[in-house]
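Undergrad: Let me give you the structure first, and then I'll get to my questions.
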Amino acid sequence: MLTVVTDVFKMVGTAMGIAEILLYQPKINIEGGEKITQETKDNGGISLENIKFSYPTKTDITVIKDVSIFIDCKKRIALVGSSGCGKSTIIQLVERFYDPLAGKVSYGSQDLKGVEPVSFKSNMAIV
């Protein structure tokens, strides 16, 4: 009988974990927003302006502080630096896995916070 009760508690715990995942509401909008304009497609560079960022699970550690980068349209760049300097974090901000705590990430003249994610994804190629 004890084995059955233990298994039932494990199943309840698993069901609660699944429900938590299914009920999760992302902080970053995944639907809606404005579409990428033709002007942005034709002339849009990527800019990060005065970015400040900390990961949600480590809010006491500032990963990026007051960083500004502009990448001209149809240009390639390389982010180079030592381990832990923020290279991957910058890519994650551009890809909208996270939003910065301060500053702005833009594609052309459009702030990525207001852009429809599907529209952005279909117009960008990060290599």
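Undergrad: Return only the number of the condition from (1) among the basic types (Lys, Arg); (2) closer than 20 Å to VAL118 by Cα; (3) more than 17 Å from the chain's Cα centre (by Cα) that LYS27 does not satisfy.
TA: Tallying (1) among the basic types (Lys, Arg); (2) closer than 20 Å to VAL118 by Cα; (3) more than 17 Å from the chain's Cα centre (by Cα), LYS27 fails exactly one: (3).
Undergrad: Could I ask something else about it? Given the structure, is GLY84 surrounded by 11 or more Cβ atoms within 10 Å (Cβ to Cβ) and on the phi > 0 side of the Ramachandran plot?
TA: Taking the combined requirement at face value, the residue does not satisfy it.
Undergrad: Which residue out of ILE90, ILE77, ILE71 is hydrophobic (A, V, I, L, M, F, W, C), closer than 23 Å to GLN110 by Cα and touching a Leu at 6+ places or on another chain (Cβ under 8 Å)?
TA: ILE90
Undergrad: Pull up the stretch 66-106, narrow it to residues that are farther than 19 Å from ASN43 by Cα and touching a helix residue (DSSP H, G or I) at 6+ places or on another chain (Cβ under 8 Å), then point me to the one that is modelled with the lowest pLDDT.
TA: ARG96
Undergrad: On to the next question. What number goes with the only condition from (1) over 28 Å from ALA78 (Cα atoms); (2) under 23 Å from the mean Cα position of the chain (by Cα) that GLY17 does not pass?
TA: (2)
Undergrad: Right, something else. For CYS73, only one of the following conditions fails: (1) out of contact with any Cys (no Cβ under 9 Å at 6 or more places or on another chain); (2) under 20 Å from PRO100 (Cβ atoms); (3) surrounded by 13 or more Cβ atoms within 10 Å (Cβ to Cβ). What is its number?
TA: Every condition holds for CYS73 apart from (2).
Undergrad: Separate question: Considering every residue within the stretch 43-65, establish whether at least one is in a helix (DSSP H, G or I), in contact with a Ser or Thr (Cβ under 8 Å, 6 or more places away or on another chain), at pLDDT below 90 and surrounded by 12 or more Cβ atoms within 10 Å (Cβ to Cβ).
TA: No - not one qualifying residue is present in the stretch 43-65.
Undergrad: Any residue in the stretch 22-46 that's farther than 16 Å from ASP99 by Cβ: show its pairings with residues that are acidic (Asp, Glu) and loosely packed, with under 15 Cβ neighbours inside 10 Å at Cβ separation under 6 Å, as long as the two are six or more apart or on different chains.
TA: Close Cβ pairs satisfying both conditions: GLY45/ASP72.
The values are calculated or read from the model by the stated rules, or taken from the named source; none is laboratory data. Because the structure is predicted, anything quoted here is derived from the model rather than measured. A quick note on method: Cβ atoms are made from the backbone with ideal geometry, for glycine too, and the neighbour counts reach across all protein chains shown.
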